[in-house]
Amino acid sequence: MKTESRTLAFSALMALLIGCAGIVATLASNSQAILLDGLFNLIYFSIALVTIKVSKLASRPDSESYPFGYSYFESLVNLCKGLLILGVSIFALVDAIAALLTGGREIAAGLAVIYALFATVSCSLTAWVMHRSQRHVSSPLVVADKLNWLVNSVISAAVLAAFCLVMLFERLGWLAILPYVDSVLVIAVVVLCLGVPVRMASQALKELLNKTPEESIAEPVRQAVANALANTDTQQVRVRMVRPGRLLYVMVHVVLPEASRLSITNQDALRARIDDEVRRYYSPVVCDVVFTADTRWAVPSCGLLVEKHRS
């Protein structure tokens, strides 16, 4: 798929389809592992609808109401996705442990295998579509969706393997361990995949808190600014940047010597050069470049006014 909105709409549709199938399969098989998968996909579908709206907002320019644009909504949505996966996983973990302590639960393995096979194929197909779409779409929302479907594929494949083992155990007559397979499976899947939602939520939270992006992005940008100013006499250059969602916002303070006679026209030319150099490494980007002869305007600040001492 070649557009962000179509890719996200396909993801939402698949989440709804698998979620409904999961609820129906749970009623027939009594499997909490399937219930976990079904509920997760139904809740994810509701968030996917919000994601589609946010993807359209993110491409808009800033406005009077949102003077720094709408990119922070992307980080907010990804934070909600990470917390959602984490919350559902913890709920499933607690429920599975409780089931183990009370003797486990019986499941209809035949129906469970059919659902698990359907879910594995569907999740893998969706993850592949998300991956292919990244050739045409550069979006943190699509990246987050791809990670979700990859995790979902692993979970569904693990569920399929476990239910196949249940059928094997039934044939071998190992009936005593059958009630515990479903709960053990849920615990194993949650423990193995817990790092994905934690990383997703952590990254989104850092973006919302205006943390400098990772060095793989920040260092090339600093070098690009240095290259653009290589032939300019400067006293100090400070580069600050944040990356909410897909947008990189770069603030550059250039402290010039007091004797500098850099005209407005020359300053604008330097701004254009800095913007061009940064775009070689990252886009979309907004570059604000401030020229000053007073270091006070470039130093780190908490925003409080500093009282001037009277002589």
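What to note about this one:
- Cα→Cβ-extended label distance, 7 Å offset, between D62 and R280, nm: 2.7 nm
- For the chain, the relative contact order is 19 percent, taking Cα pairs closer than 8 Å that sit 6 or more residues apart in sequence and dividing their mean separation by the residue count.
- For the stretch 121-203, the dipole from Cβ point charges (+1 on Lys and Arg, -1 on Asp and Glu) about the Cα centre works out to 340 debye, to the nearest 20.
- Taken about its Cα centre, the stretch 215-297 carries a charge dipole of about 220 debye when Lys and Arg each add +1 at the Cβ and Asp and Glu each add -1 at the Cβ.
- Multiplying the residue separation of L194 and T3 by 0.36 nm and subtracting their alpha-carbon distance yields 65.7 nm.
- Hydrophobic long helices, here whole DSSP H runs in the chain with Kyte-Doolittle means of at least -0.5 and Cα atoms spread over 27 Å or more along the helix axis, are found at 4-29, 32-58, 72-101, 109-133, 140-172.
- Ratio Rg/Rh, restricted to the stretch 215-297 and using Cα atoms, in which Rh is the Kirkwood radius: 0.97
- Cβ-Cβ distance of N30 and S301, R₀ of 51 Å, FRET efficiency by 1/(1 + (r/R0)^6): the value works out to about 0.25.
- Looking at the chain alone, DSSP beta bridges between its own residues are antiparallel in about 45 percent of cases.
- Whole-angstrom gap from the stretch 3-29 to the stretch 188-227, using each part's C-alpha centre: 28 Å
- Peptides 262-268, 240-246, ordered by how many other C-beta atoms sit within 10 Å of their residues on average, highest first, read 240-246, 262-268.
- For the chain, the alpha-carbon radius of gyration amounts to 1.34 times the rule-of-thumb value 2.2 N^0.38 Å expected for a compact globular protein.
- The charge dipole of the chain, taken about its Cα centre with unit charges on the Cβ atoms of Lys, Arg (+1), Asp and Glu (-1) only, comes to about 440 debye.
- Loop GluC sites (Glu not before Pro), the stretch 63-124 (other Cβ atoms within 10 Å of the site Cβ: 15 or fewer; DSSP): E64, E106
- Rg and Dmax [Cα atoms of the stretch 111-222; Å; Rg one decimal, Dmax integer]: 19.1, 66
- For T212 and C80, the FRET efficiency from 1/(1 + (r/R0)^6), where r spans their Cβ atoms and R0 equals 22 Å, is about 0.45.
- Using a cut-off of 21 Å between Cα atoms, the listed pairs K53/K81; K53/K211; K146/K211; K56/K146 include K53/K211; K146/K211 as exceeding that distance.
- Pair I90, I264: separation of 7 Å Cα→Cβ label points (nm): 5.6 nm
- Nearest-0.05 FRET efficiency for I114 and L13, computed from C-beta distance (R0 25 Å): 0.75
- Inter-label distance, K53 to D294: 4.5 nm, where each label sits 7 Å from its Cα along the C-beta direction.
Computed from the coordinates by the stated procedures, all read-outs in this text should not be read as laboratory data. Values in this document were obtained by computation on a predicted structure and should not be read as measured data. A quick note on method: Cβ atoms are made from the backbone with ideal geometry, for glycine too, and the neighbour counts reach across all protein chains shown.
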